[in-house]
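**Q** Sharing a structure with you now.
Every read-out reported here was derived from the displayed coordinates using simple, explicitly stated rules and does not represent laboratory data. As the structure is a computational prediction, the values presented were derived from the model and not from experiment. Heads up, the Cβs are rebuilt from the backbone with ideal geometry, glycines too, and the neighbour counts pull from every protein chain shown.
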């Protein structure tokens, strides 16, 4: 473990001298904020138009890809959490499974980066996604369940997942547009084909 990682962890991890309101805010960001974000996405899918539904679907695909990436990396690098090493104070119950990378950070970053790239999403919602992602990333260190390196790795996986899913979606739309364009010009070149 890098000394900087350990120093940042001790600086951000809440201890007995930390104000209770800070711990409460961190708990909310870590436990309730993901549920609130899911509710916003569900609402956007239900009341939004086709473009917004597509944006929500793409964002969920990015989160799923980030989840897969985290699981694979945790399997390859089973790094312990701070409490497993006797470091810091852990403020919430957590299973003793690998902590590198942070699943919360990966999912939040995938969602925020995906919303940022979607044209159908209002800018305020994209900014709210980034604010939520930052709050969630901070909360995981504050509550003592992740090292900063776990969170940074999660951020990277989430960002790459969003980029990959959007690149695939864009390529798919291009191919679909090319097929429609090709079919249209094919009919224009053969007028008799329109009457069949």
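**Q** Residue 115: buried (at least 21 other Cβ atoms within 10 Å of the Cβ), touching a residue at least 60 places away in the same chain (Cβ under 8 Å) and part of a helix (DSSP H, G or I), yes or no?
**A** yes
**Q** How many residues does the stretch 74-94 contain that are touching a residue at least 24 places away in the same chain (Cβ under 8 Å), within 22 Å of the chain's Cα centre (by Cα) and part of a helix (DSSP H, G or I)?
**A** The number of residues fulfilling the criteria is 1.
**Q** Based on what the data block shows, is residue 7 assigned to a helix (DSSP H, G or I) and in contact (Cβ under 8 Å) with a residue 40 or more places away in the chain?
**A** For residue 7, the condition - assigned to a helix (DSSP H, G or I) and in contact (Cβ under 8 Å) with a residue 40 or more places away in the chain - is not met.
**Q** Going residue by residue through the stretch 58-73, is there one that turns out to be out of contact with any helix residue (DSSP H, G or I) (no Cβ under 7 Å at 6 or more places or on another chain), farther than 21 Å from residue 133 by Cα and in a loop (DSSP other than H, G, I, E, B)?
**A** No, every residue in the stretch 58-73 fails to be out of contact with any helix residue (DSSP H, G or I) (no Cβ under 7 Å at 6 or more places or on another chain), farther than 21 Å from residue 133 by Cα and in a loop (DSSP other than H, G, I, E, B).
**Q** (1) touching a residue at least 60 places away in the same chain (Cβ under 8 Å); (2) in a loop (DSSP other than H, G, I, E, B); (3) surrounded by 24 or more Cβ atoms within 10 Å (Cβ to Cβ): which one isn't true of residue 140, the others all being true?
**A** Exception for residue 140: condition (2).
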